[in-house]
Every structure is written in structure tokens, then in C-alpha cells.
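Just so it is clear, none of the values below were taken in a lab; they were calculated from the coordinates. None of the values given here were measured: they were computed from a predicted structure. Note: ideal-geometry Cβ built from the backbone for every residue, glycine included; neighbour counts use all protein chains shown.
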Amino acid sequence: MKFKTEIFLLLTSIVLFTVSTFCYSYVTGNVGLALALSYPYRVYAFPIVSFGSVLMVVATFSYSRKSKNSL
């Protein structure tokens, strides 16, 4: 992969980590409701962070393989 593609993948994974943090910690104003209703986006946090982790691993392996070949 090109260097720009690897940087794009890393930046995308950072953005996905930030979005998943928001999804995990977002609380609605209704305190009296059940846990599932007071954290409506918590279900989406794990898939988003998983996809971000996959992108980060792909970019890291691509960069490390390219740097090994250039030496």
C-alpha cells in the first residue's frame, strides 16, 4: 500500500475509536429508565471499535512489511 493509504487507515481508526467512545459513554436524560434505555448507543460501540482495530492492524502490517522490504 502507499504511505497515504496507510495514514488514511490510521486516521480513520482514530476517528472510529473516538466515535465508539462517544457511543459507549452517551447517556440520555432519563435516569429512571432501565440501563438499556439510558445508554442507547452502547450496542454500537463494540462493532465500531472492532472495525477501527482491524483498520489499524492492516495499516500497521502494511507499513512494517514495506519498511522491511526497503532495508
Suppose a student asked you for the relative contact order of the range 3-70, using Cα pairs under 8 Å spaced at least 6 residues apart; what percent would you report?
43
Taking a spot 7 Å from the Cα of SER50 along the direction of its beta carbon, which residues of the range 1-30 have an amide N less than 16 Å from it?
17, 20-21, 24
